[in-house]
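Take a look at the structure set out below.
The values are calculated or read from the model by the stated rules, or taken from the named source; none is laboratory data. Computed from a predicted model, the values in this text were never measured in an experiment. Neighbour counts are summed over all protein chains in view; Cβ atoms, including those assigned to glycine, are modelled from backbone coordinates with ideal geometry. Surface areas here come from the heavy atoms of the whole protein model, side chains and all, with no ligands, DNA or RNA. Shrake-Rupley method; radii C 1.70, N 1.55, O 1.52, S 1.80 Å.
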Amino acid sequence: MTVSFFISHITPLTFFCFLLLSSSTAADLNITSILSSFQNLTSFSSLLTSSSVASDLTRRQDPITVLAVPNSYLSIPPASDLTHRLPPSSLGDILRYHVLLHYFSWTDLLQIPPSGVIVTTLLQTTSRAPANFGAVNITRNPLTNSITIQSPVTFSPSNATVLSVIKTLPYNITILAVDSLLVPYDFNLMTSETRPPLGLNITKALIDGHNFNVAAAMLSASGVVDEFEADEGGAGITLFVPTDGAFGDLPGNVRLQSLPADKKSVVLKFHVLHSYYPLGSLESIVNPVQPTLATEDNGAGSFTLNISRVNGSVAIDTGIVQASVTQTVFDQNPVAIFGVSKVLLPREVFGKDSAGAMAKPGNPVVGTNVQPPETSPSPENSPWLSGPASSPSGFHEDMKSNGERFRLQSCIVALCCIGLYLLV
């Protein structure tokens with residue numbers, strides 16, 4: 001009886017404290033929300049939103065450093081020329097070049113050796129930057145401690161100097177102000193003149209392909225094709241469209257037409273990447289695990305495709321089926337459409353664990369419980385990222401950052417919980 005009495009009083013209290021701790025440590029790293037506090041970064045924030053880079057960052061969970069260009073520097077050439085002339089997809093890639101896939105505090109930056117360090121950017125993960133042109137070289141002047149960022153390519157004409165630290169959320173995100181818009185080496189600044197007009201009729205393109213009538217009919221009937229065509233104006237899209245033969249080869253227990261409309265829409269979105277990838281980029285893709293449009297609706301880590309090169313062809317693994325790219329239907333920035341040998345069945349819908357929820361009575365669902373492919377590792381911590389250093393003049397790092405406030409709140413809640421425990 002004594003034990004029961006003790007548990008009945010402590011368990012609700014412990015659970016309540018756990019909820020308080022959980023709510024006090026959650027952080028929202030919405031980049032546009034963070035930038036909204038800084039009036040001199042409104043133009044940069046607007047570019048992130050209009051190019052869909054902001055939504056890309058919201059889905060990322062890895063620590064990052066953002067190189068933000070203040071309004072006064074964006075309003076003068078050459079930055080002003082680029083932001084007005086380039087289409088959203090090309091401008092989006094330039095902005096991705098300003099997202100470092102590593103967290104840097106000012107202390108970290110001051111530990112960089114004069115010879116510099118190479119850091120991967122978000123652009124490199126798209127496979128649209130050849131070699132290591134999607135990375136940056138960060139160097140430090142040992143006399144003045146000024147930090148310069150430029151392409152790893154020797155004598156690259158584009159470079160920027162860090163002006164100040166605007167904001168930092170420890171170990172999650174740092175925003176640095178830089179004095180120039182960085183352009184990746186060998187970046188094609190003429191893409192705006194070669195891009196076709198937006199508004200490609202995807203259904204018509206598939207019908208003209210003569211081997212995609214089933215897919216064209218499903219896309220048209222579901223209405224998702226309108227969403228696909230709307231995405232052409234952002235970072236572009238890449239569609240993997242099963243041939244008519246692929247639909248004919250589906251096992252008898254897989255009935256796509258019997259799925260509810262929302263599930264059918266998810267399966268169709270599972271065939272689309274929210275970025276433009278020409279065939280060459282797919283063949284040399286850096287990060288094999290790619291989110292799809294279905295990922296955006298269902299959460300990070302779900303409905304991903306594993307893309308790799310196998311025996312000279314682009315292979316696509318869903319965790320249930322393995323397909324290959326058989327032909328190029330259409331490939332002109334910002335839209336790429338490729339024919340694939342099989343219907344891409346997501347394990348979240350057709351896997352064994354989903355059978356009870358997705359299958360109709362009496363209709364078993366094909367598939368096995370397959371482990372999802374491993375995601376690419378986060379950038380490793382470098383040994384030089386340590387040691388004390390002083391802040392530069394004009395240092396705008398918020399000393400009461402969200403991370404520090406969360407830790408303070410956690411300590412207060414923990415003390416309250418201990419006090420309540422002792423009282424009980």
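Residues of segment 36-53 being open to solvent by less than 30 Å² (accessible area, probe 1.4 Å), within 18 Å of the chain's Cα centre (by Cα) and touching a residue at least 24 places away in the same chain (Cβ under 8 Å), which ones? The answer is 47, 48, 51, 52, 53. State all residues of segment 247-260 that are surrounded by 11 or more Cβ atoms within 10 Å (Cβ to Cβ) and of a type outside the set (Lys, Arg); if no residue qualifies, say none. Within segment 247-260, 247, 249, 250, 251, 253, 254, 256, 258, 259 qualify.
Look at segment 240-266: where a residue is closer than 18 Å to residue 211 by Cβ and a partner is open to solvent by 60 Å² or more (accessible area, probe 1.4 Å) and among the basic types (Lys, Arg), sitting 6+ places away or on another chain with Cβ atoms under 8 Å, you get 242/342; 246/342; 249/342.
A single member of 32, 49, 42, 11 is within 14 Å of residue 175 (Cβ to Cβ), at pLDDT below 85 and assigned to a helix (DSSP H, G or I), and it is 32. How many residues are more than 16 Å from residue 62 (Cβ to Cβ) and of a type in the set (A, V, I, L, M, F, W, C) when one looks only at segment 101-121? Here the count works out to 6. Of the listed requirements (1) surrounded by fewer than 21 Cβ atoms within 10 Å (Cβ to Cβ); (2) closer than 19 Å to residue 266 by Cα, residue 328 misses just one: (2). Within segment 132-151, residues that are in the same structural domain as residue 116 (by the TED database) and part of a strand (DSSP E or B) have Cβ atoms under 7 Å from residues that are surrounded by 15 or more Cβ atoms within 10 Å (Cβ to Cβ) and small (Gly, Ala, Ser) in these pairs: 136/151; 137/116; 137/151; 138/116; 139/116; 149/160; 150/156; 150/158, counting only partners at least 6 apart in sequence or on another chain. Residues in segment 219-242 that are modelled with pLDDT under 90 and either open to solvent by less than 40 Å² (accessible area, probe 1.4 Å) or of a type in the set (Val, Ile, Thr) (or both): 12 in all. Residue pairs whose Cβ atoms lie under 6 Å apart, sitting 6 or more positions apart in sequence or on different chains, and linking a residue in segment 178-193 that is crowded, with 16+ Cβ neighbours inside 10 Å to a partner that is at pLDDT 90 or above and outside any loop (DSSP other than H, G, I, E, B), are 178/67; 178/160; 178/162; 180/160; 182/160. Considering segment 153-169, the residues that are in a loop (DSSP other than H, G, I, E, B) and buried (at least 17 other Cβ atoms within 10 Å of the Cβ) include one that is nearest to the chain's Cα centre (by Cα), namely 158. Out of all the residues in segment 243-277, which are at pLDDT 90 or above, part of a helix (DSSP H, G or I) and of a type in the set (A, V, I, L, M)? Correct list: 246, 266, 267, 268. Among the residues of segment 85-122, the ones that are part of a loop (DSSP other than H, G, I, E, B) and touching a strand residue (DSSP E or B) at 6+ places or on another chain (Cβ under 8 Å) come to 13 in all. Among the criteria (1) touching a helix residue (DSSP H, G or I) at 6+ places or on another chain (Cβ under 9 Å); (2) within 19 Å of residue 160 (Cβ to Cβ), the one residue 54 does not fulfil is (2).
Condition check ((1) open to solvent by less than 20 Å² (accessible area, probe 1.4 Å); (2) small (Gly, Ala, Ser)) across all residues:
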{"position": "86", "(1), (2)": "yes, no"}
{"position": "90", "(1), (2)": "yes, yes"}
{"position": "94", "(1), (2)": "yes, no"}
{"position": "100", "(1), (2)": "yes, no"}
{"position": "104", "(1), (2)": "yes, no"}
{"position": "113", "(1), (2)": "no, no"}
{"position": "117", "(1), (2)": "yes, no"}
{"position": "131", "(1), (2)": "no, yes"}
{"position": "142", "(1), (2)": "no, no"}
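Of note, residue 303 does not satisfy the criterion of being among the aromatic types (Phe, Trp, Tyr), at negative phi, modelled with pLDDT of 85 or more and crowded, with 22+ Cβ neighbours inside 10 Å. The set of residues in segment 64-84 that are closer than 20 Å to residue 38 by Cβ and either modelled with pLDDT under 90 or open to solvent by 20 Å² or more (accessible area, probe 1.4 Å) (or both) comprises 71, 72, 73, 74, 75, 76, 79, 80, 83.
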